[in-house]
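The block underneath contains the structure these notes are about, expressed in structure tokens.
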Amino acid sequence: QVQLVESGGGLVQPGGSLRLSCAASGFNATDDSWYWHRQTPGKDRDWVAMITNDGENIYYIPAVKGRFTISRDSAKNILYLQMDNLKFEDTAVYYCRRSGLWGQGTQVTVSS
């Protein structure tokens, strides 16, 4: 069964950090890129970071560049998102995506 499972979300104060994980299983051989997206109520689900399968190309939206770091463990098929200096506007449900499949999402809430 092909699936993506996110974990690591939670409640954090502004300026704090969280590390999200996305465990992938059941994929056939593919060179598809990995993505992190986020969504808040009433807004579209927008991508925030991506990494190519070979790890050579990484992209971020300006709002998170310099604060978030995307990486992957290719041997274990785990995608990570290290989030530092979190801001109120980072509050959202975060999803991972690969090959058209989505995880269930993990809630990140930044609040004082």
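The values are calculated or read from the model by the stated rules, or taken from the named source; none is laboratory data. Keep in mind the model is a prediction, meaning the values are calculated, not measured. Note: ideal-geometry Cβ built from the backbone for every residue, glycine included; neighbour counts use all protein chains shown. Side chains included, ligands, DNA and RNA excluded: accessible areas come from the protein's heavy atoms. Shrake-Rupley method; radii C 1.70, N 1.55, O 1.52, S 1.80 Å.
Structure data summary
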read-out	value
Partners for Lys76 among aspartates and glutamates (Cα-Cα distance below 20 Å; same-chain residues under 8 apart left out)	Glu6, Asp31, Asp32, Asp54, Glu56
HN-Hα J in Hz across segment 85-97 - Karplus 6.51, -1.76, 1.60, θ = phi - 60°, x for Gly and Pro	6, 5, 10, 3, 6, 7, 4, 4, 8, 9, 10, 9, 9
Summed residue charge, Cβ within 13 Å of Gly103's Cβ, Lys/Arg positive, Asp/Glu negative	+3
³J(HN,Hα), Karplus 6.51/-1.76/1.60, whole Hz, each residue of segment 36-52, x for Gly, Pro	10, 10, 9, 8, 10, x, x, 10, 6, 7, 10, 6, 10, 7, 8, 9, 6
Whole-percent carbon and sulfur share, accessible surface of the chain, 1.4 Å	46
Where the chain is the region considered: accessible area per residue in Å², 1.4 Å probe	55
Extension reserve of the Ser25-Ser99 stretch, reckoned as 0.36 nm per residue once the Cα distance is removed	25.4 nm
Partners for Lys65 among lysines (Cα-Cα distance below 22 Å; same-chain residues under 8 apart left out)	Lys43, Lys87
